[in-house]
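Undergrad: Input: one structure, supplied below.
The values are calculated or read from the model by the stated rules, or taken from the named source; none is laboratory data. A quick note: this is a predicted structure, and the numbers were derived from the prediction, not measured. Ideal geometry is used to build each Cβ from the backbone, glycine not excepted, and the neighbour counts take in all protein chains shown. Quick note on the areas: whole protein, heavy atoms, side chains included, nothing else; ligands and nucleic acids left out. Shrake-Rupley method; radii C 1.70, N 1.55, O 1.52, S 1.80 Å.
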Amino acid sequence: MKLTLFTAAVFLVALPSSAGVLYEIESSYGGKTSEATIAVEDLNMKMDVATDDQDWNGDMIFHGQNREMLVVNHNNKTYFVIDQEQMKKLAATVNQAMASVEQALAGLPESQRAKMEQMMKSRLPDMGTPREPSVLEKTGASETVNGFDCAVYEVWRSGVRERELCVTDWDNVAGGSEVADVFYEMGEFMAEMLDSLPKMGGGKSLGDATYEHLKEMNGFPVRTREYDDNGRLTGNSTLISSEEADFDPADFEPPKKYKRQDLMKGMK
């Protein structure tokens, strides 16, 4: 499962009220398309996701009150949980693996070590490269996306545009401004999860730039476009519709017969 799924989920969050809301979103990343329905009620959110080739078919459930994310895999009828305790375990495991790699590299002849380090940097571009703080810019442009009037923002880092967002007023989507508080909470949860991973590139976090600017945008991103360092579009997510709906509490839990997996095993 790619972190882009987590990037799509953060834009569609739970309502701190008794009313339920159903969102529909379409995404395209890495040449693969997906459609998702997002059920939102009280402090709970569930996103159903299926890619066009069905290599991933599952749910992502956020429990705001417990500050945990459940990732449900319908293909093998399992799920795993991400919370603060699991984040610490994951970080410790990754740190240990990185320390082992560094130790192994230190024992290689200089020529071989340089070759291995170059190969690792090609696969992990941020490794060894300091990440500058990102900057949110309001372009002044406005558009209408699937009937939602929105203002265009861009996220820049080190002179490179990473992301473009078209943001509509809270009142233009179902749930209105009531969505905002848990929207921010979800963003904080995602940022904490990513920040718990090892620091690379001069001690900078691997956290996604989107989460650094949620409150600055003060609205609902109805379209998000992602770009690579060469300015090429790599993916996008678009809100298709939002409407009120009724849900059962069981809708925000894994099916009873599904088995819980260890986090590390579930992410393989």
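Undergrad: Let me confirm something: among 81, 94, which residue is in contact with a Pro (Cβ under 8 Å, 6 or more places away or on another chain) and either farther than 22 Å from residue 25 by Cα or not in a loop (DSSP other than H, G, I, E, B) (or both)?
TA: Values: 81 fails: in contact with a Pro (Cβ under 8 Å, 6 or more places away or on another chain).
Among 81, 94, only 94 is in contact with a Pro (Cβ under 8 Å, 6 or more places away or on another chain) and either farther than 22 Å from residue 25 by Cα or not in a loop (DSSP other than H, G, I, E, B) (or both).
Undergrad: Of the conditions (1) of a type outside the set (Phe, Trp, Tyr); (2) outside any helix (DSSP H, G or I); (3) open to solvent by 20 Å² or more (accessible area, probe 1.4 Å); (4) at pLDDT 90 or above, residue 202 satisfies every one except a single condition; which number is it?
TA: Unmet for residue 202, out of (1) of a type outside the set (Phe, Trp, Tyr); (2) outside any helix (DSSP H, G or I); (3) open to solvent by 20 Å² or more (accessible area, probe 1.4 Å); (4) at pLDDT 90 or above: (4).
Undergrad: Take the residues in region 253-267 that are out of contact with any Asp or Glu (no Cβ under 8 Å at 6 or more places or on another chain) and within 22 Å of residue 42 (Cα to Cα), then tell me which one is most open to solvent (accessible area, probe 1.4 Å). So that I can check it myself, show each step before the final result.
TA: Here is the first cut: in region 253-267, the residues out of contact with any Asp or Glu (no Cβ under 8 Å at 6 or more places or on another chain) are 253, 255-267.
If we keep only those that are within 22 Å of residue 42 (Cα to Cα) too, we end up with 253, 255-256.
Working: 253: 92, 255: 55, 256: 204 Å².
The selected residue is 256.
Undergrad: If you don't mind, another one. Any idea which of 32, 89 is open to solvent by 20 Å² or more (accessible area, probe 1.4 Å) and touching a strand residue (DSSP E or B) at 6+ places or on another chain (Cβ under 7 Å)? Can you show your working first?
TA: On the way: 89 fails: touching a strand residue (DSSP E or B) at 6+ places or on another chain (Cβ under 7 Å).
Exactly one residue qualifies, and that residue is 32.
Matching residues to (1) touching a helix residue (DSSP H, G or I) at 6+ places or on another chain (Cβ under 9 Å); (2) at pLDDT below 90; (3) surrounded by fewer than 13 Cβ atoms within 10 Å (Cβ to Cβ):
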site: 129; (1), (2), (3): yes, yes, no
site: 133; (1), (2), (3): yes, yes, yes
site: 144; (1), (2), (3): no, no, yes
site: 157; (1), (2), (3): yes, yes, no
site: 181; (1), (2), (3): no, yes, no
site: 207; (1), (2), (3): yes, yes, no
site: 210; (1), (2), (3): yes, yes, no
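Undergrad: If I go through region 228-252 residue by residue, how many of them are open to solvent by 90 Å² or more (accessible area, probe 1.4 Å) and closer than 21 Å to residue 21 by Cα?
TA: Residues of region 228-252 open to solvent by 90 Å² or more (accessible area, probe 1.4 Å): 229-230, 232-233, 243-244, 246, 249.
Then drop every residue that is not closer than 21 Å to residue 21 by Cα, which leaves 243-244, 246, 249.
Result for region 228-252: 4.
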